[in-house]
Amino acid sequence: MSQTTFTDVRRFDSIDSTNRYLLDEARSGAPEGVVAVADHQTAGRGRLGRRWEAPPGANLLLSVLLRPALDLDQRHLATTAVALAAVDAISGMVVDDGSGSVAANSSGSGLGSAVTIKWPNDLVTPDGRKVAGVLAEADLASAVPSLPAPVVVGIGINVNWPATDEDLPPELTGAAASLRQVLGAEVDSEALLDALLAALGPRAAALSSVSGRARLAQDLRSSCTTLGTTVRVDLPGESFVGTASSVTDDGHLVVDVDGTFRTVVAGDVVHVRPGA
Ligand code: BTN
């Protein structure tokens, strides 16, 4: 299977939003594989219309343009592919005890499951604090007839900010953390970016085949610490509590509500709260 290499990396000192930039590029027919990376975003977009804030130069803020052969209801797997590539990259990082800094994907023992996925789109620490969020955006009007429809997937990774909990605004205290805090040393963002983009090649290619999608869903199940926990799902106009029991091959969450299995599609969810 041919694989896109994510080597067309466009860098911005400051931009409103790397997702916005790539949605515009997609409208002009840009191919799969374009990457936008920013030191700072003035209008970074988060899920549900929220803002994604990070001080300049501290964290990884990037978006990738994908054109996978996916049905509309399989779109969540694009988020999954990027989240898994980030987990791959972070898991491959090793701590260099000598210098006190952390590099990605050098030789040595990896950090294993330092970070897991909280369905639908968060990367979290073992104690449940968010270290990254993923936002997939598609603009049906941007379809170019000769090309598969685009989906832009952005990820913000808290790499070196916050350095300590004191750096966080009160509303994020206890809810967010950085890789630096998890790993106990400053992290080399460039090495992490390289590792993520390398991991993304096979992860993105998997989106366009049945077996690849099954593999992504299986890897999501393995990395997803939401499974087996009690969750409260907030949908527009409705909430319910149940046990997160599985993830479908399309990446949707199945929740056991007193023996009735409800399938939750990422786009509809306001919150999935563990331990509800
Ligand atoms: C979330 O709310 O959890 C998703 C946050 C996604 C933030 C990233 S930062 C790079 C890319 N550009 C944006 O405007 N947003 C995403």
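The values are calculated or read from the model by the stated rules, or taken from the named source; none is laboratory data. All values derive from a computational prediction rather than experimental measurement. Because the Cβ atoms are built from the backbone with ideal geometry, glycine has one as well, and the counts that use them run over all protein chains shown. Remember, those area values only see protein heavy atoms, side chains included, never the ligands or the DNA or RNA. Shrake-Rupley method; radii C 1.70, N 1.55, O 1.52, S 1.80 Å.
Can you tell which of Leu70, Leu84, Leu48 is away from the ligand (no atom under 14 Å from the Cβ), assigned by TED's automatic domain parsing to the domain that holds Phe12 and open to solvent by 20 Å² or more (accessible area, probe 1.4 Å)?
Exactly one of Leu70, Leu84, Leu48 is away from the ligand (no atom under 14 Å from the Cβ), assigned by TED's automatic domain parsing to the domain that holds Phe12 and open to solvent by 20 Å² or more (accessible area, probe 1.4 Å), namely Leu70.
Restricting the first member to region 206-222 and to residues that are at pLDDT 95 or above, and the second to residues that are aromatic (Phe, Trp, Tyr), the beta-carbon pairs closer than 9 Å and six or more apart or on different chains are Leu220/Trp119.
A single member of Ala58, Ala43, Ala54, Ala38 is farther than 21 Å from Ala143 by Cβ, within 13 Å of the ligand (Cβ to nearest atom), buried (at least 19 other Cβ atoms within 10 Å of the Cβ) and more than 17 Å from the chain's Cα centre (by Cα), and it is Ala58. For region 195-211, taking the residues that are over 24 Å from Ile157 (Cβ atoms) and of a type in the set (Gly, Ala, Ser), the one that is surrounded by the fewest Cβ atoms within 10 Å (Cβ to Cβ) is identified as Ser211. The condition (being of a type in the set (D, E, K, R) and within 22 Å of Thr116 (Cβ to Cβ)) is satisfied by just one residue among Asp88, Asp73: Asp88. Only one entry in Ala78, Ala104, Ala83, Ala89 is modelled with pLDDT under 90, in contact with a helix residue (DSSP H, G or I) (Cβ under 9 Å, 6 or more places away or on another chain) and not aromatic (Phe, Trp, Tyr), namely Ala104. Close contacts from region 168-184, counting a first residue that is closer than 14 Å to Leu123 by Cα and assigned by TED's automatic domain parsing to the domain that holds Thr116 and a second that is surrounded by fewer than 21 Cβ atoms within 10 Å (Cβ to Cβ) and among the hydroxyl-bearing types (Ser, Thr, Tyr), with Cβ to Cβ under 6 Å and a gap of 6+ residues or different chains, come to Ala177/Thr125; Val182/Thr125. Considering region 112-134 alone, what residues qualify as being open to solvent by 30 Å² or more (accessible area, probe 1.4 Å) and of a type outside the set (Ser, Thr, Tyr)? Listed by number, the residues that qualify are Gly112, Lys118, Pro126, Asp127, Gly128, Arg129, Lys130. For region 135-153, the candidate set comprises residues that are open to solvent by 10 Å² or more (accessible area, probe 1.4 Å) and either assigned to a strand (DSSP E or B) or within 15 Å of the ligand (Cβ to nearest atom) (or both); within that set, the residue that is farthest from Val269 (Cα to Cα) is Asp139. Find the residue count for region 204-248, including only residues that are part of a helix (DSSP H, G or I), in contact with a Leu (Cβ under 8 Å, 6 or more places away or on another chain) and polar (S, T, N, Q). Qualifying residue count for the region: 1. Of everything listed in (1) in contact (Cβ under 8 Å) with a residue 60 or more places away in the chain; (2) in a loop (DSSP other than H, G, I, E, B); (3) more than 29 Å from Phe6 (Cβ to Cβ), the single unmet condition for Gly251 is (3). Determine whether region 219-231 contains at least one residue that is open to solvent by less than 70 Å² (accessible area, probe 1.4 Å), farther than 30 Å from Asn160 by Cα and either charged (D, E, K, R) or within 18 Å of the chain's Cα centre (by Cα) (or both). No: region 219-231 contains no residue that is open to solvent by less than 70 Å² (accessible area, probe 1.4 Å), farther than 30 Å from Asn160 by Cα and either charged (D, E, K, R) or within 18 Å of the chain's Cα centre (by Cα) (or both).
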